[in-house]
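Please treat every number below as a calculation from the coordinates, not as lab data. Keep in mind it's a predicted model, so treat the numbers as computed, not measured. Because the Cβ atoms are built from the backbone with ideal geometry, glycine has one as well, and the counts that use them run over all protein chains shown.
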Amino acid sequence: MFFTALAKFLQFILDAIAAVLSFLVSLLPKSPFKWIAGSEFADLLAKINYFVPISDFVAILELWLVSVGMYYLYSIWARWVKVIQ
């Protein structure tokens, strides 16, 4: 009986956190680059992308940032559980 009540309480907490995160994500725009598509800059960007692949650079930068972020999260976790000094 105690564990059932504890499980319901933890599920309530997780549902509340999920609702808050869902609300925060719903505030974000669908695409941060939507304003570029309807502007004069879109034509210029298409011409620049022919010579310099900016979209590829953005993808590589995104991959690099995720990798570095995961490294730092792992190092924080490893220090917390005393795996590394």
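Miscellaneous remarks
- For the chain, the convex hull drawn through the C-alpha positions has a volume of 143 cubic angstrom per residue.
- For the chain, the longest principal axis of the alpha carbon atoms and the long axis of helix 54-80 meet at an angle near 20°.
- Value of [θ]222 nm, deg cm²/dmol, for the chain, DSSP H segments ≥ 4, -39500 (n - 2.57) each, nearest 500: -27000 deg cm²/dmol
- Label positions at L14 and S39, each projected 7 Å from the Cα along the C-beta direction, are separated by 4.2 nm.
- Least to most buried among M1, M70 (fewest other Cβ within 10 Å first): M1, M70
- Between helix 41-51 and the chain: long-axis angle, C-alpha atoms, 0 to 90°, nearest 10: 80
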